[in-house]
Structures are given as C-alpha cells and as structure tokens.
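Below is one structure, written out as structure tokens; the observations come after it.
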Amino acid sequence: MDIPSKYEPQKVENHWYDYWMKHNYFHSTPDDREPYSIVIPPPNVTGILHMGHMLNNTIQDVLTRKARLMGKNACWVPGTDHASIATEAKVVAKLKEQGIHKSDLSREAFLKHAWDWTHEYGGVILEQLKKLGCSCDWERTAFTMDDTMSTSVIKVFVDLYNKGMIYRGYRMVNWDPQAQTTLSDEEVVYEEKQGLLYYLSYPIEGSDEKVTIATTRPETILGDTAICINPNDERYAHLKGKKAIVPICNRVIPIIEDEYVDIEFGTGCLKVTPAHDINDKALGEKHKLQTVDIFNADATLNSFGLHYEGKDRFVVRKDIHKELESKGFLLKTENYINKVGTSERTKAIIEPRLSEQWFLRMEELAKPAIKAVLETDEINFFPRKFENIYRHWMENIRDWNISRQLWWGQQIPAYYYGDGQDDMVVAESKEEALKMAKTKSDNPNLKIGDLKQDEDVVDTWFSSWLWPITVFNGILEPDNEDIQYYYPTNDLVTAPDIIFFWVARMIIAGYEYRNEKPFDNVYFTGIVRDKERRKMSKSLGNSPDALKLIENYGADGVRVGLLLSSAAGNDLLFDEDLCQQGKNFANKIWNGFRLVEGWEVADLPQPEASKLGIAWYKTKFNETLMEIEDHFSKYRISDALMAIYKLVWDDYSSWLLEIVKPAYQKPIDRTTFDEVIAIFEGNLKLLHPFMPFLTEEVWQHIAERTPEEALVIAQWPEIKKRDHVLTKEFDFAAEVISGIRTIRKEKNIPMKESLELLVLNTEKNTKVWDVVIEKLTNISSVTYVESAVEGALTFRVKSNEYFIPISGALDIEAEIKKIQEELKYTKGFLQSVQKKLSNERFVNNAPEQVIAIERKKQADAKAKIETLEKSLANLG
C-alpha cells in the first residue's frame with residue numbers, strides 16, 4: 001500500500017468516520033460483556049459547536065473509546081435538549097422578521113413554527129460532533145421533546161403531584177421580562193453594577209414634617225404601600241401611628257414598625273413595595289398591607305404608573321429622577337454598587353414579581369442525593385473540591401419553581417373545569433382528566449371541551465433531570481432490558497456551572513425513580529477561557545470557530561490541543577498554538593511510521609544494540625501503561641495524554657528508532673523490524689482514544705485488515721512484567737550519550753568524526769550498554785581505565801568519569817579560557833549557596849524542602865568544580 005508523503009487529515013477523517021459508521025462499531029445492545037455507558041449532556045437543539053462542547057465531548061469520546069478497546073460494551077448516548085427559553089426566543093424573533101407576533105398565533109400554530117425551526121436547524125451540532133470523531137451510538141439519539149421523553153415528563157409530574165410534592169403557590173418569582181417567563185434561582189446570575197442611591201423626601205400627612213428614605217429604584221415608589229421604621233429607633237419614635245404621602249402619586253400610606261429595618265443602613269426608614277421586593281412582600285403579608293404591582297409582563301409600567309404608563313422601567317427611572325428633582329422630593333443621589341440579578345439566558349435584568357406558579361418541594365427529595373455524594377461516596381466527584389459547592393446548595397435547597405410562561409415545552413398536565421381555586425385535576429391525559437373532573441365535581445355532564453389545560457410548560461431542566469433514565473425509557477418501562485443493563489451509567493462529564501441545574505437534580509431523580517444513583521463518577525471539566533482568562537463567548541468575539549480549527553489542524557490536532565491545556569476542574573486557558581502542537585505530534589507519528597516502512601528488511605542476525613533497545617522500550621511501555629491507568633482512575637485525562645505523548649515523542653521516536661535504525665542504505669534485520677512494528681501497534685492502541693483518525697489510518701496502512709481487525713475495536717494492552725534494572729541502566733546510558741553529544745556540540749566536532757571514549761568506572765557494571773552508546777554517538781571504542789586520562793575532555797555521570805582524548809583540531813588555549821570562566825562562575829555560585837546555608841535564620845525558618853534543594857545545589861556545584869578542575873589539569 002502506498003503511504004502518502006504527508007498526513008492529510010481532511011482526506012482521512014471523513015473516510016474513517018464513514019467506515020466506522022458502515023460497520024456499526026459505535027452501536028451497542030445488551031449482551032454478556034461488562035457495560036460501559038455514558039450519556040451526553042444534551043446541547044441545545046439549535047446550538048452550534050463551541051469550545052466548551054469540544055472539550056467536554058473529546059473527554060467523553062476518550063473514555064468511551066478506551067472502554068471499547070478494553071472489551072467493554074461501550075454505549076455513549078447522544079441527544080439534544082429542546083431549550084424552552086432559547087428556542088422560543090429564536091422562533092419569536094424569526095416570526096417577527098416575517099411581521100408575525102406570537103400573540104397573533106394560537107398555541108398549535110406557534111408550536112408548528114417551533115417544530116419547523118427545530119427540524120430545519122436542530123441536530124446541526126450532532127453532525128459537528130461527528131467531525132470531532134465522537135463515537136456515539138447515533139441509533140440511540142434522543143431529544144427531550146420526543147414522545148417517550150415528553151410522556152415520561154408528564155408521568156413524573158403527575159406522580160409527584162399525587163405524592164404532594166408538587167403544589168401551586170402565589171409567590172415572588174424571578175421574572176425575565178424579555179423572555180416573559182419565570183426563572184429558577186439557579187438561572188439568575190448576579191452581577192455588580194454601578195447605580196445611584198436616591199434620597200427621597202416623603203411628606204407626613206397633616207404636618208409640614210417630612211421623612212427621608214433611600215432607594216436604588218425610584219420608579220417603584222409608585223407601588224409603595226407603607227414606610228417602615230424600627231420600633232427601637234428613637235429618631236422616629238414621634239412618627240409611630242402616623243401616615244406618609246408617596247411623592248407624585250400622592251397615595252397615603254401607613255408608617256409601620258418592624259425590627260426587620262436596619263437602623264444603621266441608609267436613613268433607617270424603609271419604603272415598602274410588596275409587589276416588587278421579596279423582603280417587602282414578607283413585611284406586607286405580616287402587616288396586611290395592600291399590594292400594588294406597577295409593571296406589565298415586559299417591564300413597562302401599567303396604569304399604576306400614571307403618566308409613565310407604557311414606558312420601559314429604565315426610561316421611567318431617568319424621567320422620574322427629573323420629576324422628583326423638579327418637585328423638590330429628591331434631596332441627593334450617591335454612587336452605589338448594587339448586585340443585580342440577570343437572566344442567565346437572555347441577560348435581561350430580572351424583575352421580582354408576584355405570580356402564581358408551580359413548585360416542587362425539594363427538601364425531602366434531596367436527602368438521598370446528599371447522602372450519596374457526601375456520606376457514602378456512592379457517587380464520586382472529580383475533582384473533589386466540587387463536593388463543597390454541592391453540599392452548600394443541597395443543604396440550603398429551596399423549592400424549585402418548575403413552571404414557565406412559554407409554549408415550547410411539555411405543557412403542565414393540570415386541567416381546570418370551573419372558576420373555583422380548587423376546580424382542577426392533574427392527569428396524564430385529557431381523557432383521564434375528564435374522568436377525574438366528573439368525579440371531583442360530581443358533574444357527569446362535563447365534556448372534554450369544558451376542560452382548560454394550564455397554559456404554562458415545565459422548566460426545561462424538569463425534562464433533562466430524567467435524562468439518564470429516559471434515554472433508556474426507564475420511566476415508562478422500568479424493567480426493560482436497556483435500563484436494567486446500562487443503568488446506572490458509569491461516568492458523567494460536564495461543566496461545573498450546571499452542577500445545580502442538572503447534576504444535583506439528576507441524582508435526586510435517580511434515587512426517586514430508580515432508587516439508585518444515575519452514574520458512578522462525575523468529571524467536572526474546566527471553563528474554556530482565552531489567554532487573558534476571559535470566558536469565551538460570542539459577544540467578546542474571543543471564541544474560535546470550532547470547525548475552522550478542525551479544518552486547520554485536523555480533529556486529532558484539536559483534540560490533543562484541548563486536552564494538553566485542560567486539567568480536571570481547572571479553567572482551560574485555550575491557545576491555538578496547542579492545536580499546532582497536536583498537529584505536529586500527528587505529523588511526528590506519521591513520519592516515524594514512514595521512516596520504518598521505508599527500511600529494507602533482510603534475514604540478518606539481530607544486532608545487540610537493537611535487542612537491548614527493544615527490551616528496554618517494552619519495559620518503558622509497561623511502566624507508562626501503569627502510569628496511564630493510574631491517571632485514568634483519577635480522571636486525570638490530560639496527564640494520561642501527556643504520558644503517552646512523552647512515550648511516543650521521546651522514548652519511541654527519539655530513542656528507540658535511533659537505536660534500531662539501520663546504517664545508511666543498509667537493510668534492517670527482520671526480527672527487529674517485526675518487533676518495532678508490534679511496538680508501534682501498541683503505541684497506536686494507547687493513542688487511539690485521543691487521536692482516533694490518525695491512528696486508524698496508520699493501523700490500516702501497516703497491514704491489510706478485515707473489519708474485525710480495525711483499531712477501533714482492537715484490544716487495549718495489558719500491563720506486563722517490567723525490568724526496573726533495565727530502565728535504570730538505560731537512564732544512565734542516556735546521560736552518557738547526552739554528555740558526549742554536549743562535547744560534540746560545544747567543541748563543534750561533527751558527528752561523522754568518530755571519537756574514543758575512556759571510562760573510569762566506579763558504578764555498577766553498565767558495559768552492556770556500550771553498544772548503544774557507540775552507535776548513537778559514533779564512538780569507535782569504549783575503553784575502561786584505572787586512573788584519570790590526561791589531555792582529554794571530561795564529564796561525569798554519577799561517580800563514573802568519562803574522557804574523550806582530543807585531537808589537534810581543538811584550540812587548547814580557548815578551551816582553557818572557557819573552562820576557567822565556567823570554574824569562576826561555579827565557585828561564585830557555590831559561595832552564595834554556602835552563605836545561605838550558614839545563615840541560621842534561613843536554616844531554622846525555611847521549609848525542609850527548600851533547604852534540601854539548597855543542599856543539592858551545593859553538592860552539584862562541588863562535583864562540577866571537581867570535574868572542571870580535572871579538565872583544566874588534563875588540558876594543562
């Protein structure tokens with residue numbers, strides 16, 4: 001088979017992905033093997049591949065491909081999330097472009113547009129994941145709005161409602177005025193924003209007296225229904241029982257007393273606006289105050305906003321500032337930094353709003369999930385630091401607001417049949433609801449048309465919290481073969497920013513609906529940032545085009561680049577140069593293969609150097625394999641790749657191939673050639689999870705392979721016996737080789753000029769490696785001597801001393817001068833170290849490790865001085 005001179009990822013990647021798909025290597029069905037299952041964190045259905053997806057899915061693919069090579073029945077389930085808020089916003093925007101408003105459409109008509117959008121743009125990201133090399137079981141692709149998924153969500157809602165866990169409540173919620181829906185606390189991001197603190201004067205009814213309050217939101221004074229003072233605040237004791245007048249709207253409001261008011265903050269007087277602040281709402285309920293809501297759903301002011309009706313809240317803030325000032329109510333303003341809640345999805349500033357919503361009681365549900373992670377270690381977090389974040393949230397968990405004022409999603413299965421608060425049933429279908437409604441209302445004449453289903457949908461996370469169960473249809477068919485075989489799954493790979501939205505809730509759902517954990521391990525990736533530590537985002541324009549990167553560096557190059565910059569749970573500082581490094585590594589492997597394949601093979605005896613090199617590499621391979629397995633067991637995926645990288649780049653390419661390489665235009669013996677190919681195949685197996693395309697391409701070039709012999713389903717190497725003496729001896733020989741090469745480089749002695757090597761040997765016998773030293777450094781002979789050799793260049797390795805007699809080509813005077821300069825510098829360095837070590841304060845206070853480093857510097861400097869002085873004596 002002709003081997004192209006260059007590795008061309010664009011040609012190779014599509015070819016091998018199609019081959020893998022054609023032979024169905026990624027598909028899994030239950031059998032007698034040990035299962036390995038992993039579910040994808042479902043990206044938004046209309047999303048496109050970004051750097052976070054690339055990192056996350058590369059790690060999942062590494063774990064899946066390794067499991068497959070280890071003989072496990074690997075099943076990686078892909079899929080997408082319907083993403084209620086994001087998708088509905090896109091559909092609304094598209095309709096707006098066509099001159100259609102959502103309010104002009106029926107629910108059914110709008111949902112048709114949403115499904116059309118999903119079919120047109122949905123799933124693009126899954127096709128992009130194929131470009132990255134992801135080995136998902138595409139036949140199992142799931143979508144959170146699939147019929148089985150939606151039916152499962154409704155079934156769970158009804159079940160939790162019947163258990164008394166889901167209830168309706170009139171609560172203060174986080175309102176997103178842009179998406180016009182509520183958000184859970186976890187979907188609100190708090191940001192520090194520079195604003196103003198407005199000091200306003202409120203007249204006291206029936207007197208000339210005034211009271212001053214401070215607020216960051218002057219527009220909300222139109223919803224004030226009380227002023228509150230602390231009963232212990234003597235400054236305001238005379239105001240007890242009096243009334244104040246709200247500026248502009250002239251509403252007369254009571255002055256109430258409550259210890260909730262902080263005497264030290266602001267003026268010690270608090271305006272109470274129960275409709276627009278959660279703490280004010282509590283005060284309002286306690287003191288039975290009127291509630292005046294001044295906002296429409298889109299955060300414009302309603303009729304309670306008087307002449308500001310229809311204007312946006314932030315426009316009103318500026319306008320009311322001027323009006324308050326002109327009418328003498330505004331005393332002063334101060335700069336003030338405020339923590340403002342914003343919508344994680346739309347970035348709009350959240351408005352606290354009173355609204356009737358559906359909630360899920362969480363305290364009892366959370367208990368088994370707390371125990372599994374924090375007490376019994378049934379579920380392991382990597383890195384463990386995320387357990388503290390999990391603990392804090394779970395132990396302070398609040399009821400989950402699960403209703404959203406949207407149409408795209410699973411519609412809440414509550415059906416109303418009358419005007420009363422209680423005229424409602426919750427059922428899995430309209431038919432079931434009708435039966436229940438007839439019984440509950442004692443009205444047998446009710447018809448389907450008399451039922452009105454709740455308009456809201458459930459929160460998107462209420463479908464994805466069931467994901468590890470529903471992808472195997474475990475809610476509707478709890479005893480089916482798939483769920484029994486693949487659940488619990490092995491690993492979950494996800495970003496830490498959805499630990500509450502998704503990870504914690506999946507654990508809760510797992511124990512509630514399967515009575516067991518959903519996964520064994522959770523691997524938290526870092527957040528992908530640029531070199532300046534900024535989070536990558538479209539708005540900053542600092543996120544590279546993922547497909548462009550694959551085009552430029554190849555999928556394997558990008559995978560390696562991402563993993564080389566990614567330690568578990570730590571932020572990844574992405575640098576495109578690392579993709580170039582990945583591409584260079586791919587080229588190194590390719591060129592190494594072409595070199596070996598280019599050798600002529602003959603039936604010759606195996607040279608001793610080759611025999612020794614191969615024996616050493618096999619031990620080195622097994623030592624590295626042990627290290628790799630240790631890294632994988634701790635989810636240190638980047639460290640595992642780095643160990644393989646060093647093995648292939650340094651030990652295989654730079655050492656082994658040099659040791660076995662035949663002389664110029666000479667053949668290689670068959671034994672060595674076959675062993676090198678077998679070694680190379682072992683390297684490819686280790687590399688395959690990280691660089692699937694390149695490794696399959698090379699594997700298939702090595703020999704004609706049947707589909708059953710493809711690398712994707714080959715066998716992961718087993719750890720074999722290791723000869724530690726051999727690796728120690730090699731390390732020693734490598735230092736000798738390095739010493740000779742340094743002398744050649746410093747003295748400009750060309751490699752073609754052979755040298756003699758004389759050894760004053762006090763170490764254990766390392767003569768066996770002389771054949772390798774001779775070959776790699778062009779040494780004509782190695783002679784062992786009893787005493788130092790004069791007139792020779794010298795270097796040390798451990799206690800052995802090596803001498804290279806110098807020919808007339810060397811400038812003795814220049815060499816003496818150079819050594820003298822180095823000797824002077826080293827003596828100065830030794831003096832500074834000794835000064836440090838003779839300082840009692842330093843020795844008593846410095847950590848033991850630091851002192852050990854200084855003592856080593858002292859010993860090394862002394863040994864170097866001794867060698868330099870001997871070199872001078874020899875040259876003299």
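General observations
- When the listed pairs Lys745/Lys775; Lys827/Lys870; Lys646/Lys818 are checked against a 24 Å cut-off, the alpha-carbon distance exceeds it for Lys646/Lys818.
- Carbon + sulfur, % of accessible area of the stretch 48-138 - ligands and nucleic acids excluded, 1.4 Å: 57
- Accessible surface of the stretch 365-462, 1.4 Å probe: 47 percent of it comes from carbon and sulfur atoms.
- Estimated translational D of the chain in µm²/s (Stokes, Kirkwood radius over Cα pairs; 4 °C; 1.567 mPa s): 39
- Cβ-based net charge around Leu604, under 12 Å, with every Lys or Arg adding one and every Asp or Glu removing one: -1
- Amide H contacts of Val173 (H built 1.01 Å from N, under 5 Å, at least 5 apart or other chain): Arg353, Leu354, Ser355
- Remark: the chain carries 46 Å² of accessible area per residue (probe radius 1.4 Å; ligands, DNA and RNA excluded).
- Rounded to the nearest 20 debye, dipole of the stretch 325-483 from Cβ charges on Lys, Arg, Asp, Glu: 800
- Extreme residue, positive dipole direction of the chain, given options Leu837, Ile227, Val92 (C-beta unit charges): Leu837
- Amide hydrogen neighbours beyond the local backbone of Tyr36, cut-off 5 Å, H modeled: Asn73, Ala74, Cys75
- With contacts taken as Cα pairs under 8 Å and at least 6 residues apart, the stretch 680-791 reaches a relative contact order of 21 percent.
- Two-decimal log10 I(q)/I(0) for the stretch 199-289, as the Debye equation yields it once each C-alpha is a single scatterer, q = 0.16, 0.19, 0.24 Å⁻¹: -0.56, -0.81, -1.39
- Given R0 = 56 Å, the distance between the Cβ atoms of Asp262 and Lys548 translates into a calculated FRET efficiency of 0.55.
- Long-range tail of P(r) for the stretch 354-463 (Cα pairs > 22 Å, %): 52
- Dipole magnitude for the chain: computed about the Cα centre from +1 point charges on Lys and Arg Cβ and -1 point charges on Asp and Glu Cβ, it is near 1980 debye.
- Share of carbon and sulfur in the accessible heavy-atom surface of the stretch 603-708 [1.4 Å probe, %]: 52
- Between His724 and Lys817, the distance separating the two model label sites (each 7 Å from Cα on the Cα→Cβ line) works out to 5.0 nm.
- Stretchable slack from Lys371 to Val252, in nm (0.36 nm times residue separation minus alpha-carbon distance): 37.5 nm
- Theoretical FRET efficiency, 1/(1+(r/R0)^6), r = Cβ-Cβ of Asn570 and Lys11, R0 22 Å, to 0.05: 0.05
- Taking amide H as placed 1.01 Å from N in the peptide plane, the amide H of Asn380 sits under 5 Å from that of Asn521, Val522, each at least 5 places away or on another chain.
The values are calculated or read from the model by the stated rules, or taken from the named source; none is laboratory data. Quick caveat: nothing in here was measured; it's all calculated off a predicted structure. Neighbour counts are summed over all protein chains in view; Cβ atoms, including those assigned to glycine, are modelled from backbone coordinates with ideal geometry. Surface areas here come from the heavy atoms of the whole protein model, side chains and all, with no ligands, DNA or RNA. Shrake-Rupley method; radii C 1.70, N 1.55, O 1.52, S 1.80 Å.
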